[in-house]
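The values are calculated or read from the model by the stated rules, or taken from the named source; none is laboratory data. Keep in mind that what you see is a predicted model, and the values were worked out from it rather than measured. Neighbour counts are summed over all protein chains in view; Cβ atoms, including those assigned to glycine, are modelled from backbone coordinates with ideal geometry.
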Amino acid sequence: MRAIEKKRPPFMTRRKWTTLVLFLLVLIVVGIIFFYRNIHKGLWQEASEMRAVIEQASLYDLNEDYTLSKYVWEDRYWILLADSISDQKKVYSAWSTQEQLAELPYDKAITKDDIIALVERTKPNAEQIKAQPGYLYGQLVWEIKFKDSSSGHQKMAFYQMIDGKFIDEYTIPKETRP
């Protein structure tokens with residue numbers, strides 16, 4: 001009886017446990033945010049430097065709706081879709097680190113939906129089709145990634161952006177895929 005009467009209250013009360021769990025959750029979220037920022041800092045810095053180069057050329061309106069994406073194949077390129085300052089029409093443009101390499105008006109280029117439809121028609125075994133603009137052999141192209149259901153291989157195909165003509169196709173070896 002004596003041991004029961006002199007028992008001290010527990011150190012971790014319900015309130016302390018709640019505070020500790022909330023503190024740990026906030027710490028985990030803050031850690032994830034810092035990790036994400038650290039991982040993407042280099043890409044964001046590259047994109048802002050490339051935006052500065054493009055703005056200095058004074059060819060495109062980068063204040064409104066525009067898309068600037070990094071593309072790596074033979075070298076590192078940047079693909080821009082923005083309004084031209086001269087005629088206010090959307091234009092695809094390929095840039096190296098300091099100069100413009102190619103330009104194609106948006107209305108003369110094949111759209112992403114059209115190129116995916118073309119691939120579905122010409123390659124009936126293609127699944128999981130993904131398209132992105134790119135730069136290859138001195139011209140703007142559509143890079144198409146897809147899975148060939150007959151062989152199970154991942155493949156990449158390139159089509160001219162101006163008329164949709166097939167350029168080249170590569171099979172990605174299974175050893176290099178995740």
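Quick rundown of the values:
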item	result
Residue identified as charged (D, E, K, R), within 20 Å of ALA47 (Cβ to Cβ) and either in contact (Cβ under 8 Å) with a residue 12 or more places away in the chain or not assigned by TED's automatic domain parsing to the domain that holds GLN45 (or both) among ASP65, ASP148	ASP65
Residue check, ASP87 within 19 Å of ILE162 (Cα to Cα) and exposed (fewer than 10 other Cβ atoms within 10 Å of the Cβ)	no
Selection from the stretch 135-162 of residues that are part of a strand (DSSP E or B) and small (Gly, Ala, Ser)	ALA157
Selected residue [among the small types (Gly, Ala, Ser), in the same structural domain as ASP163 (by TED's automatic domain parsing) and not in a loop (DSSP other than H, G, I, E, B)] from ALA131, ALA47	ALA131
Condition check for PHE166: buried (at least 18 other Cβ atoms within 10 Å of the Cβ), at pLDDT 85 or above and not small (Gly, Ala, Ser)	no
Residue in the stretch 88-96 that is in a loop (DSSP other than H, G, I, E, B) and either free of Cβ contacts under 8 Å to residues at least 12 places away in the same chain or not polar (S, T, N, Q) (or both) present	yes
Residue list for the stretch 62-79, filter: in contact with a strand residue (DSSP E or B) (Cβ under 7 Å, 6 or more places away or on another chain) and among the hydrophobic types (A, V, I, L, M, F, W, C)	LEU62, LEU68, TRP73, TRP78, ILE79
Hits in the stretch 35-66 - residues which are more than 22 Å from SER84 (Cβ to Cβ) and either exposed (fewer than 10 other Cβ atoms within 10 Å of the Cβ) or within 17 Å of the chain's Cα centre (by Cα) (or both)	TYR36, ARG37, ASN38, ILE39, HIS40, LYS41, GLY42, LEU43, TRP44, GLN45, GLU46
